[in-house]
Every structure is written in C-alpha cells, then in structure tokens.
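Peer 1: Take this structure first; my questions come after.
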Amino acid sequence: MAQRDPPHPCFASAASPIALGSPGSDGRSCPTGTGSRTLHPGPPASRRTETGRLTTQTVTSRGVGQWRRRGRYKAGGGATEAAAAAGEAGAGRVAVGAGFLHSALPTGRPPLPGPMEAVRSCNGYARQEKPPPSASAGTEKPRVPHGGGSGDGWRGERPRSEEDNELSLPSLAAAYTTILRSLGEDPERQGLLKTPWRAATAMQFFTKGYQETISDVLNDAIFDEDHDEMVIVKDIDMFSLCEHHLVPFVGKVHIGYLPNKQVLGLSKLARIVEIYSRRLQVQERLTKQIAIAITEALQPAGVGVVIEATHMCMVMRGVQKMNSKTVTSTMLGVFREDPKTREEFLTLIRS
C-alpha cells in the first residue's frame, strides 16, 4: 500500500486543535485567518471553520478528489456537488451559508468577496450594490399641507378646496366600490348602487375641516374689550374621525381663556372646534390644536381646553368597553403657570 503523506497540522482533529495561522511541523501555515474556531472534524484533508453565521470549508486538492469520489456532500441542510472542476489545481475555498454551497475554487471567474463580506450576504448570495441616490433625492421633502400639523397657524392655507372635492369624488367613489367587493358584497345590487357615491360625499363632509382655516371663521369677530376675567364656553358638541381606524369619536369640548384686552365672539369658539374636529384626528392633537389656534388669534393671558370623548374604536371593536371615556386637556399661559387659575377653570366646567 502506498505511503500517504501525513495530514497538515491545520487538519488535526478537534481533540488536538492547533491555533489558526500558526505554522505546522513542516513549516506550512494554516490557510485560514484568525478569528475562527475549530469545529468537529470534516472530511479527510479538510477542516470547517465558522465566522458569524457563515461556515467556511477549506479544502486541499486531495480533499476535493476524495469528495469527487464520494459524490455529494451535504451541508447546512442542502446537498451540493463537490467542486470537481478544481481537480488537483491547488487549494480553494468553499463557502457554505443558509443551505447553499458556493465554490470559490479557481474556475476562471473573479473571486467572491472575503469571509466578512460574505457574512453580510443574504441567504448565501452576495448582496447587490445599490446605486447611489441622486443628488435631488436627499434634498426633496414630502409635501405637508398647511393646517395638517399640530401647531399650524390660524392663517394657514387650505389643504383642500371645493374644486378638489369635485375632482377627487369619482376616484373616492371607485375606492368605496373596491371596498364593497373586497367585503364580499355585490356593488351592482339595488341597495348598493349609489352607496359608493353616498359614502364618498359623506367622507368629504366628515373631513370638511381641511377646506377651512381659522381666519375664515373668525371673520373680524375679535373685539377690543377691557375685560380681564375668565371666559368659558363648555359642553360644545364634537364629532371627529379616529385616524387609526376611520371610525368616529364623539364628545364634549370645554374652552376657557383669560382675555388680554380682546374678546372673541362666543360662536367662533365652537367654529374653531368644528374646523379641527372635522379632520382625521387623535384626541390629544385635537385638544392642542384648539388651544394653539385661540392663542395665536387672540394673544390672551392664558387658554385652557378640555375634551371628554367616547371612541368607537374602543366600543365597537377591540376591547369593546361601552362606558369608557377619554379626557384630555391643554393648558397654556397662566392656566399652566398658576394653579389657582387652572383650578378655577376646572371647577367651573364641572359645575
């Protein structure tokens, strides 16, 4: 029987691991870099190392020949052909990751990235480089309509106009038709023939606050008056749509302010509530928007707003708590700074 060459020290068994990168007894060094750990012994004349999630198989020409004779080698749960094309053409590297075996043995193709680059690959395949973003992509910002934010000015522009309503009504009605079909209904049956148009016009009415600004409704209703005592309008009915589920929440709004030589027509407070509640809302933001709008319009010494509401998203769905109420408040100026003023306001709206 022919005498076989002794195995390289790097291919020693796990029982006697040798430090990676250290020379063996014959002066040859380990072909793998540092930072890997020895696993259980692999096929003859081979060794498996692991860096992160990637398993690397270092194979000599002898190991490749043995694999070729044995047929398939199973790794990572998937079967793959040994790199027979390598033949006896020196050492190569086979990367095993997520069930795939990718050969980097000399085949005339450019080599794959190093181990650390392969670790960042996806499912064993190297990630494709994304083209650099264009110069304008980083500078463009999404359009945010005036009046959509929590602190929009009371003189802001209208996010939507009557002309917009007319133009968007057909597409909005078509969207409701799609919803009906998706629910399993027949939009062509008699009771639903006009439902998409009715629902579209109703949704435009529910959100008509986007068509108005505070300056529109005030309409020169700010009057000079030497009055410095608290003014309160309470129990203002409020209807709004929860922006998370598009279902209503309804309740009462209480507004109080301390004038600073100017007063506002009482009905205008209710109109301010109407503008901001007739939008897609959350109650916390609605409370703040009303308070900020009154502050910007009147410049009073202080403003207090309290909202008590019942949310259909908690009554009709979800936890289905029939008697739950949500109370939010915003205090600005002396209503926040002076506890006595704040307590007077809270006492009066409860009476």
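Peer 1: Using a basic spin-label model with each label point 7 Å from the Cα along Cα→Cβ, how many nm lie between F239 and T310?
Peer 2: 1.5
Peer 1: How much net charge surrounds I236 when only the other residues with a Cβ under 15 Å from the Cβ of I236 are counted, with Lys and Arg +1 and Asp and Glu -1?
Peer 2: That works out to +1.
Peer 1: Moving to a separate point now. Which value in nm describes the separation of the simple spin-label points at E162 and E225, placed 7 Å from the Cα toward the beta carbon?
Peer 2: 3.2
Peer 1: Mind grabbing the accessible area of M312 for me, 1.4 Å probe, Å², rounded to tens?
Peer 2: 50
Peer 1: Residue separation times 0.36 nm, minus the C-alpha to C-alpha distance between S171 and K325: what's the value?
Peer 2: 51.9 nm
Peer 1: OK, next. Residue-wise, which Karplus ³J(HN,Hα) couplings in Hz belong to the stretch 252-268, taking 6.51 cos²θ - 1.76 cosθ + 1.60, θ = phi - 60°, and x for glycine or proline?
Peer 2: 10, 10, 10, 10, x, 8, 10, x, 10, 6, 9, 10, 10, x, 4, 5, 5
Peer 1: Between T201 and R317, how high is the FRET efficiency from 1/(1 + (r/R0)^6) when r is the Cβ-Cβ distance and R₀ = 22 Å? Nearest 0.05.
Peer 2: The pair T201/R317 has a calculated efficiency of 0.30.
Peer 1: Measure out, as a whole number of angstrom, how far apart the alpha-carbon centroids of the stretch 196-214 and the stretch 239-272 sit.
Peer 2: Here the answer is 18 Å between Cα centres.
Peer 1: Would you please give the FRET efficiency between S215 and R189, computed as 1/(1 + (r/R0)^6) with r the Cβ-Cβ distance and R0 = 45 Å, to the nearest 0.05?
Peer 2: Using R0 = 45 Å, I get an efficiency of 0.45.
Peer 1: Another one. Sorted by accessible area with a 1.4 angstrom probe, largest first, how do R336, R158 fall?
Peer 2: R336, R158
The values are calculated or read from the model by the stated rules, or taken from the named source; none is laboratory data. What you are looking at is a predicted structure, and each value in this text was computed from that prediction instead of being measured. With ideal geometry, Cβ positions are generated from the backbone for all residues, glycine too; neighbour counts draw on all protein chains shown. These accessible areas exclude ligands, DNA and RNA; they are computed on the full protein's heavy atoms, side chains included. Shrake-Rupley method; radii C 1.70, N 1.55, O 1.52, S 1.80 Å.
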